[in-house]
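A short write-up of the structure that comes next.
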Number of protein chains: 2
Amino acid sequence: MTEDNGDADRFVEEHERQINDLLQEVDDPADAASDDDGFSMQLGGLELGRRDFVKAGAATGLASAAGAFAGCQTALPESATPSDSGGSGSQGSSAAHSHVVEPGEKDEYYGFWSGGHSGEIRVIGIPSMRELARIPVFNTEAARGYGYDDQSSQILEAGGGYTWGDNHHPNLSETDGDYDGEYLFVNDKANGRIARVNLKYFETDAIVDVPNTQAVHGCTVLSPDTKYVLGNGEFRTPLPNDGRDVNNPEKYTALFSAVDPESMETVWQVKVDGNLDIVDTGKEGRWAIASCYNSEEATEIQGMTHDDRDYAKVFDVPAIEKAVENGDYEEVNGVPVVDGTRDSDLNKGDEPLVRYVSTPKSPHCVEVGPDGKYAFIAGKLSPTVTMLDLDKIGEVDDPADAVAGRPKVGLGPLHTTFDGNGHAYTSLFIDSQVAKWDIEKAANAELGSSDPVVEKLDVHYNPGHIQALEAMTTDPDGEWLVSLNKLSKDRFLPVGPIHPDNDQLIHIGDGEKEMELVADHPAYPEPHDCIFAHKDKINPATTWDKADYEGEKPFVAEGDSGVERTGERSVHVKASSKRSEYGMFDFTVKEGDEVRLTMTNVEGVRDIIHGVAIPEHDVNLAIAPQDTREVTFTADDPGVYWIYCTYFCSALHLEMRSRMIVEPRD
Amino acid sequence: MTEDNGDADRFVEEHERQINDLLQEVDDPADAASDDDGFSMQLGGLELGRRDFVKAGAATGLASAAGAFAGCQTALPESATPSDSGGSGSQGSSAAHSHVVEPGEKDEYYGFWSGGHSGEIRVIGIPSMRELARIPVFNTEAARGYGYDDQSSQILEAGGGYTWGDNHHPNLSETDGDYDGEYLFVNDKANGRIARVNLKYFETDAIVDVPNTQAVHGCTVLSPDTKYVLGNGEFRTPLPNDGRDVNNPEKYTALFSAVDPESMETVWQVKVDGNLDIVDTGKEGRWAIASCYNSEEATEIQGMTHDDRDYAKVFDVPAIEKAVENGDYEEVNGVPVVDGTRDSDLNKGDEPLVRYVSTPKSPHCVEVGPDGKYAFIAGKLSPTVTMLDLDKIGEVDDPADAVAGRPKVGLGPLHTTFDGNGHAYTSLFIDSQVAKWDIEKAANAELGSSDPVVEKLDVHYNPGHIQALEAMTTDPDGEWLVSLNKLSKDRFLPVGPIHPDNDQLIHIGDGEKEMELVADHPAYPEPHDCIFAHKDKINPATTWDKADYEGEKPFVAEGDSGVERTGERSVHVKASSKRSEYGMFDFTVKEGDEVRLTMTNVEGVRDIIHGVAIPEHDVNLAIAPQDTREVTFTADDPGVYWIYCTYFCSALHLEMRSRMIVEPRD
């Protein structure tokens, strides 16, 4: 499955071999019970020692995969320090650039963070790094009543009924290549789903369980007009996964999926060889580029990392659409699945659906630069970033001829971001650094040269995604970059065995200055990625617009409160709410009744939310001004239950109650 | 139900009448659609106008309760500004004291925040205000596997099986009157529960559903040695609440409960008149003081706010214990319930169980000062704080004679905190201010005098709890104070109709300087209270100590991985986990099998967590180094399911998978 890509590739391969040899020599010295002692020392002379220490820890996976894990306690040799340019290491000294937003002032940018297996999206202000909001997406969450009121319960139910997800890649909807502030889309790797968040109300309004695919990992919108939300199926499974072929892994397959952003339905899928990891698109609506770390199609780690090369896949979206239009597909679970495997007839003509581009071993990320010219494919197990020229990819006979550069940036390169001023910044997971490098210099240097690297900065520790302001648009804003570090080790007060991640804020200015580490920001597990939008591009409502739910839910005005018996064992309770008072001070139902409660917050004032807690019935709603929410539950046990407001809304908030009297049925 | 307390009380009552008259004149000008326009102006000349604006908003509840809500659009008159000393208003200017903790440095204090109806505890570093961790308590949460693994599911099940709670008052366990770092206790108002968090592992280890009581609101530990965790039942219900007396509110009752901190069982309860709101204890293990805002025992807001006076209740814990010991109780649902109502025989001797102390209308908070001399009972609907002399309360015939001071501090006083240097700081909900006042001066001034007030600071907006560093111990540390403001309005970038709260950090130094507003900190709804401990008092583990679960759970070493069929439709899967590899690359079960999965993280290195996501089975575990977790689920549908690690643990994290093959049963 490897392709020959010339002398440059051999140069890189040689370097990789050196790294692998190195990694197999070391193990994690922390296993030698010196962990806490070693880490408890604060900054200073031991800084280098600690960094090597963590590098070794991150590398254990590699060593382990190579079978060198057990028992080896070799200390990291001095010569093993693979840092090829000095980190600028500004930690410990007061930063020249402040990220502090003074009381009464506001942040300049919205940051939307994926929340990993917490299932939520987090909204963080930049540069303050303060968390402004959480948006529950795949998880249930009582403070916002998400998964508690009927409306959000239906969204979760339509998405498969799971109570959590693993969101990785948040994306903002685009019009003409710029953020339009309408939607945020994010994947759920755990259950193969994609969700949409409405940015008028900052709440989830749809979840699609993508058919035929497990582990939607990479996720992006198709620039420039969000024609599709695209999702990478990472895990190869039988197609369909209904019990057939379970013991025949050679028949498993991975799918690339396109979801319509309005209907949130899966409109087509592409079957591929290997697997699919991360994806990004070009700026003109044609190319989607995905990485593949398991071209071996193995089911065990040794097999997945066996070969020296893997590939990236370049999807030609119009060509796929044409194939679907021509009926060249198999329908599986209601979705047209076109064949994008290498040997497919559809891949043999002048317009192949999928181009397979050879890359060094196990590429992880793909990011397309601001001008749309290059896709940057980071090496993960290679110290390089492959630059794929998207202007050429449609022209060349051998896709490998579209490789325009392959700078050597350091160990464990995972993700790349941009300052809009000619620089790329690549996170180095194993080196625990950010490498800044010159894009055009890399395009013109020998493949595998480290010359384009301008500077490296130590981060703490093991960065995954990094993002600079609006780096995914055609016009990045520079100034700030965030490195999402997977480990924090001893950077914060200890909080038990589950450590926070460490999102570090780095000042990059216009790219003409040195990188400067400004702030450590602890993050609840486990953010993967983030995306930034200038505050002027997001325009949330501060109260509800009734027109947005007219016909779907009623608006219960103050005079409309009341109880209606709708059946032998069912009642419908309607009530308004305003500061200090629900529309009814009490209502009576019978033991065993199904109670449907419809509540409107009749206030017109921003930030006056009313909650509806129903003790011992596991219900809490949050109703914003002018909004209506409904909940249906069963009044199982006779007794008195004081419904109360959970949002502190006035000096008489504690007195804001309604009494549900459940009379015994006999 | 009122008591005559002499001239001073009449002075206060007259003042209250003036306030109520004022409040009934105003309504919320924001209803006049000027809300967003008015608030969109950034600082500057309109500051006073905006403040008045918000005061009027907060007061609406009062006006509404008095029946003056509808239609009234009277603008707030200039003369209505009840600010009797200029706020120092440092917002907008750069603070002299920085709260920034530089990269690589650590915070000085742990802050433990209640998460309100999110159900969680948040750990926030002081002074940085960075969130270091969340601890799910009453909520389920996938990132930590809480409510997903069998162990935590059992904790939630034992606590009633609810998936959320409303936690208000976090308390740290004490030994000799100081924090011992062992436990944190917190109430659930929604379902009448108390939970315990183990501070070695920063995770919830027990929840008790307190019998016979609804809405455990006030919650505190009995100083100085945590003999009990004490909980206030806020809502009056039938006793027991099983369907009897539902339509006879005069038979409803509220209970004060004592929970054993080790067994987490409810050991006794006290039946009282009125209701129970907030509670604190003296420093010597005898007195617990609770507020009561509904001495009227009404079921509607108008009745609850009808009388001019309510009371505080002073529980004599040894006297209650003696009554229980003597068998002077009724057992209800397995708990001894002693009668602490006013007319009870037990309340008539020399050692009454409960002393009823007359206070101005609707007191809310109770906080006992550092030296244990005074309980500070804030007025809520009175502009005063009542200082109750705990040295005298056991000596006087009429409990009202133990009132040592009643300073007039401003509108809507809710909570009081201390700098250990003679000052009290009271939050003013309606005034949106913090009032700093001199405790001894108040004790010697005319009751109702505003002379003791030293200074007021504007906060933004509508503060509830406030806390200074270690203010609840006998030796407060001063320096920083946090005001937990319920509304943030326009202080942050807008994030839709559900606004964050605003926890503001205020520098108070040793109390001899002016208060200085240093930082706004957005908080996800809805923290109520917080408590601070110096970092040296908390000593969490960074990896698990096997001895802590020996006999309860196995430790699966690498060689012990395997599958055992335990029944016709059940299997037990045991596996280890380390970086990049689970103990088994695959395992096979049959459709419909109940699968019990036991997984150990065999790593010894801190911060290397492994996750266990099971796609389409709604499971995610988080396993810290040396810990074991178990989960039981049913493999309903045949197919291939790739179990994967959700904690990014090495460069080969993506390859860390196990394949669950579910074979069709036929």
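Those residues that are within 7 Å of chain A (Cβ to nearest Cβ) and among the hydrophobic types (A, V, I, L, M, F, W, C), I need them from the stretch B:613-627; list them, please.
Listed by number, the residues that qualify are B:Ala613, B:Ala622, B:Ala624.
Could you identify the single residue in A:Val518, A:Val589, A:Val556 that is β-branched (Val, Ile, Thr) and in the same structural domain as A:His168 (by TED's automatic domain parsing)? Step through it out loud before you land on a result.
Values: A:Val589 fails: in the same structural domain as A:His168 (by TED's automatic domain parsing); A:Val556 fails: in the same structural domain as A:His168 (by TED's automatic domain parsing).
On inspection, the qualifying residue turns out to be A:Val518.
For the stretch B:628-648, which residues satisfy the criterion of being part of a loop (DSSP other than H, G, I, E, B) and either under 20 Å from A:Gly274 (Cβ atoms) or more than 7 Å from chain A (Cβ to nearest Cβ) (or both)?
Residues satisfying the conditions are B:Ala635, B:Asp636, B:Asp637, B:Cys645.
I'd like to know if the stretch B:205-221 contains one or more residues that are surrounded by 24 or more Cβ atoms within 10 Å (Cβ to Cβ), of a type in the set (Gly, Ala, Ser), on the phi > 0 side of the Ramachandran plot and touching a Pro at 6+ places or on another chain (Cβ under 7 Å).
yes
Among the residues of the stretch A:200-238, what is the count of those that are assigned to a loop (DSSP other than H, G, I, E, B) and more than 8 Å from chain B (Cβ to nearest Cβ)? Before you say what the answer is, go through the steps one by one.
Here is the first cut: in the stretch A:200-238, the ones assigned to a loop (DSSP other than H, G, I, E, B) are A:200-202, A:210-213, A:222-228, A:236, A:238.
Applying the additional criterion that residues be more than 8 Å from chain B (Cβ to nearest Cβ) yields A:210-213, A:222-228, A:236.
Total meeting the criteria: 12.
Residue by residue through the stretch B:528-566, note down the ones that are part of a strand (DSSP E or B) and touching a Phe, Trp or Tyr at 6+ places or on another chain (Cβ under 9 Å).
Residues satisfying the conditions are B:Cys530, B:Ile531, B:Phe532, B:Ala533, B:His534, B:Gly562, B:Val563.
With respect to A:Ser427, determine if the residue is assigned to a loop (DSSP other than H, G, I, E, B) and of a type in the set (Ser, Thr, Tyr). Break it down into steps so the answer makes sense when it comes.
Values: assigned to a loop (DSSP other than H, G, I, E, B): no; of a type in the set (Ser, Thr, Tyr): yes.
It is false that A:Ser427 is assigned to a loop (DSSP other than H, G, I, E, B) and of a type in the set (Ser, Thr, Tyr).
Is it fair to say B:Ala298 is within 14 Å of chain A (Cβ to nearest Cβ) and either without any contact (Cβ under 8 Å) to a residue 40 or more places away in the chain or surrounded by fewer than 24 Cβ atoms within 10 Å (Cβ to Cβ) (or both)?
It is true that B:Ala298 is within 14 Å of chain A (Cβ to nearest Cβ) and either without any contact (Cβ under 8 Å) to a residue 40 or more places away in the chain or surrounded by fewer than 24 Cβ atoms within 10 Å (Cβ to Cβ) (or both).
Just to be sure before I move on: is A:Arg596 in contact with an Asp or Glu (Cβ under 9 Å, 6 or more places away or on another chain) and either outside any strand (DSSP E or B) or of a type in the set (Phe, Trp, Tyr) (or both) in the structure I sent?
no
Only one of B:Lys380, B:Lys348 is surrounded by fewer than 24 Cβ atoms within 10 Å (Cβ to Cβ), at pLDDT below 95 and either out of contact with any helix residue (DSSP H, G or I) (no Cβ under 7 Å at 6 or more places or on another chain) or closer than 30 Å to B:Asn421 by Cβ (or both); which?
Going through B:Lys380, B:Lys348 in turn, just one is surrounded by fewer than 24 Cβ atoms within 10 Å (Cβ to Cβ), at pLDDT below 95 and either out of contact with any helix residue (DSSP H, G or I) (no Cβ under 7 Å at 6 or more places or on another chain) or closer than 30 Å to B:Asn421 by Cβ (or both): B:Lys348.
Are any residues in the stretch A:259-273 closer than 26 Å to A:Lys380 by Cβ and either buried (at least 24 other Cβ atoms within 10 Å of the Cβ) or of a type in the set (A, V, I, L, M) (or both), and if so, which ones?
Matches in the stretch A:259-273: A:Gln269, A:Val270, A:Val272.
More than 10 Å from every other protein chain (Cβ to nearest Cβ) and polar (S, T, N, Q): does that describe B:Ser152?
Numbers: more than 10 Å from every other protein chain (Cβ to nearest Cβ): yes; polar (S, T, N, Q): yes.
Yes.
Name the strands (runs of 3 or more DSSP E) wholly within the stretch B:297-387 that hold at least 2 residues that are touching a Pro at 6+ places or on another chain (Cβ under 8 Å)?
In the stretch B:297-387, B:309-316, B:330-332, B:354-360, B:374-378 are the strands (runs of 3 or more DSSP E) which contain 2 or more residues that are touching a Pro at 6+ places or on another chain (Cβ under 8 Å).
What is the number of the single condition among (1) more than 14 Å from chain A (Cβ to nearest Cβ); (2) over 21 Å from the mean Cα position of the chain (by Cα); (3) crowded, with 24+ Cβ neighbours inside 10 Å; (4) of a type outside the set (Gly, Ala, Ser) that B:Lys513 does not meet?
In the conditions (1) more than 14 Å from chain A (Cβ to nearest Cβ); (2) over 21 Å from the mean Cα position of the chain (by Cα); (3) crowded, with 24+ Cβ neighbours inside 10 Å; (4) of a type outside the set (Gly, Ala, Ser), B:Lys513 misses (3) alone.
For the stretch A:591-598, state whether one or more residues are within 11 Å of chain B (Cβ to nearest Cβ), within 25 Å of B:Thr253 (Cα to Cα) and either in contact with a His (Cβ under 8 Å, 6 or more places away or on another chain) or at pLDDT 95 or above (or both).
Looking through the stretch A:591-598, at least one residue is within 11 Å of chain B (Cβ to nearest Cβ), within 25 Å of B:Thr253 (Cα to Cα) and either in contact with a His (Cβ under 8 Å, 6 or more places away or on another chain) or at pLDDT 95 or above (or both).
Restricting to the stretch B:96-145, count the residues that are in a loop (DSSP other than H, G, I, E, B), of a type in the set (Gly, Ala, Ser) and either within 7 Å of chain A (Cβ to nearest Cβ) or under 23 Å from A:Thr140 (Cα atoms) (or both).
Within the stretch B:96-145, the first condition is being in a loop (DSSP other than H, G, I, E, B), and the residues that meet it are B:96-108, B:115, B:117-119, B:127-130, B:137-140, B:142-145.
Checking the rest, the ones that are also of a type in the set (Gly, Ala, Ser) come to B:96, B:98, B:104, B:115, B:118-119, B:128, B:142-143, B:145.
With the extra rule that they be either within 7 Å of chain A (Cβ to nearest Cβ) or under 23 Å from A:Thr140 (Cα atoms) (or both), the set shrinks to B:104, B:115, B:118-119, B:142-143, B:145.
Total meeting the criteria: 7.
Test each condition in (1) more than 14 Å from chain A (Cβ to nearest Cβ); (2) among the basic types (Lys, Arg); (3) part of a loop (DSSP other than H, G, I, E, B) for B:Lys456 and report the one that comes out false.
B:Lys456 satisfies every listed condition except (3).
Filter the stretch B:152-195 for residues that are surrounded by fewer than 22 Cβ atoms within 10 Å (Cβ to Cβ) and of a type in the set (Lys, Arg) and give the result.
none
Here are the criteria: (1) acidic (Asp, Glu); (2) part of a loop (DSSP other than H, G, I, E, B); (3) touching a Pro at 6+ places or on another chain (Cβ under 7 Å). Tell me which single one A:Asp520 does not satisfy.
In the conditions (1) acidic (Asp, Glu); (2) part of a loop (DSSP other than H, G, I, E, B); (3) touching a Pro at 6+ places or on another chain (Cβ under 7 Å), A:Asp520 misses (2) alone.
Of everything in the stretch B:535-565 that's surrounded by 16 or more Cβ atoms within 10 Å (Cβ to Cβ) and more than 30 Å from B:Gly583 (Cβ to Cβ), which residue is nearest to the other protein chains (Cβ to nearest Cβ)?
In this case the residue turns out to be B:Ile538.
For B:Arg355, indicate whether it is basic (Lys, Arg) and closer than 30 Å to B:Glu470 by Cβ.
yes
The values are calculated or read from the model by the stated rules, or taken from the named source; none is laboratory data. Quick caveat: nothing in here was measured; it's all calculated off a predicted structure. A quick note on method: Cβ atoms are made from the backbone with ideal geometry, for glycine too, and the neighbour counts reach across all protein chains shown.
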